[in-house]
Amino acid sequence: MGLTFLRMKENQPFTKKDLETAKVSLLRDGRWGNACVSVAEIGGRRWTIKDFSTRHWLVRNTFARFVLRRELKAVRKLKGMKSGVPQEAFMLDACTLAVEYVPGRVLSRVPKEEITPEFLRQCEDLIHELHSRDLVHLDTRGTGNWVMRPDGTPGLIDFQASVHTSGLPKKLRSFMEDMDIGGVYKKWAKFCPEAMDKERQAEYDRINKLRKLWVVRGYFGIKKKHTKHIHGKDIVD
């Protein structure tokens with residue numbers, strides 16, 4: 001086991017020590033239960049760094065390890081997707097995760113006129129492809145995890161709240177998938193209501209009724225508060 005882990009580290013693009021000499025921008029320091037998030041540029045590539053190492057030892061050794069490894073596992077399931085999702089992630093140490101950076105503008109910073117029906121249809125396709133890989137994101141309703149990439153196509157980031165659905169009861173899996181796609185229909189209703197057909201509207205209404213049963217908010221019911229987002233207006237490509 002130890003030898004396998006060592007070989008994995010040898011194959012990583014960089015180590016945590018490399019961050020000391022890399023170009024690193026702090027994006028948000030987070031709260032006691034959230035990671036310190038930065039973006040690092042190493043070897044011509046950008047990486048999102050989620051670091052819990054400065055948090056309380058109880059957070060580091062329980063919650064942090066659980067959510068980071070969950071996101072690591074999720075990103076590995078995304079490998080090969082053509083949509084705008086990270087394709088690579090690895091642990092820098094027990095409390096620090098590096099995830100491939102997805103360039104773009106968070107949706108909250110994109111002018112309304114740029115969010116077209118075609119863009120929203122692509123968001124739907126992305127979610128459906130995600131579900132085909134037995135994964136749900138579970139944090140799609142807001143605009144903080146959606147980005148518009150430089151080519152105008154959507155990207156989805158931050159899989160820390162994701163759940164693997166393989167083996168789950170069919171009704172529970174269907175319910176979680178509804179929560180995901182409901183986040184896209186919410187954007188149809190907000191940005192392109194005139195282009196939202198009756199079928200989408202009916203699904204949106206149905207899912208909104210179901211959502212009253214959904215008690216999870218953010219991570220285990222803890223709503224995140226962003227102080228500065230990864231894809232801020234200063235970081236576009």
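Only helices enter this figure: runs of n ≥ 4 DSSP H residues, each worth -39500 (n - 2.57), summed and divided by the residues of the chain, yield -10500 deg cm²/dmol at 222 nm to the nearest 500. What separates the Cα centres of the stretch 27-72 and the stretch 122-138 is a distance of 24 Å. Exposure here means at most 12 other Cβ atoms within 10 Å; with chymotrypsin sites (Phe, Trp or Tyr not before Pro) in a DSSP loop as sites, the longest stretch of the chain lacking them is 33-219. In this simple spin-label model, placing a label point 7 Å from the Cα along the Cα-to-Cβ direction at both Ser53 and Lys198 gives a separation of 5.9 nm.
Against the chain, whose longest principal axis comes from its Cα atoms, helix 198-211 is set at around 60 degrees. At an R0 of 45 angstrom, the distance between the Cβ atoms of Asp93 and Lys209 translates into a FRET efficiency of 0.50.
Convex hull volume of the C-alpha atoms in the chain, normalised per residue: 137 Å³. Rounded to the nearest 10 degrees, the angle from helix 65-78 to the longest Cα principal axis of the chain is 60 degrees. Pairs of lysine residues in the stretch 2-100 that meet both criteria, 8 or more places apart or on different chains and Cα atoms under 22 Å apart, total 14.
Comparing Gly155, Gly167, Gly142 in a Gaussian network model of the chain where C-alpha atoms under 10 Å apart are linked, the largest mean-square fluctuation is found at Gly167. Computed from label points 7 Å out along Cα-Cβ, the spacing between Asp134 and His164 is 0.7 nm.
Taking Cα atoms only, the orientation of helix 170-191 departs from the longest principal axis of the chain by about 70 degrees.
Taken over the stretch 71-211, the ratio of Cα radius of gyration to 2.2 N^0.38 Å equals 1.05.
With the simple model of a label 7 Å out from the Cα in the direction of the Cβ, Arg121 to Asp29 spans 4.7 nm.
Structural descriptor for the stretch 2-100: relative contact order 21 percent, calculated from alpha carbon pairs under 8 angstrom and at least 6 residues apart.
Each reported figure results from applying straightforward, stated rules to the coordinates on display, with no laboratory input. A quick note: this is a predicted structure, and the numbers were derived from the prediction, not measured. Virtual Cβ from ideal backbone geometry, glycine too; neighbours counted across all protein chains shown.
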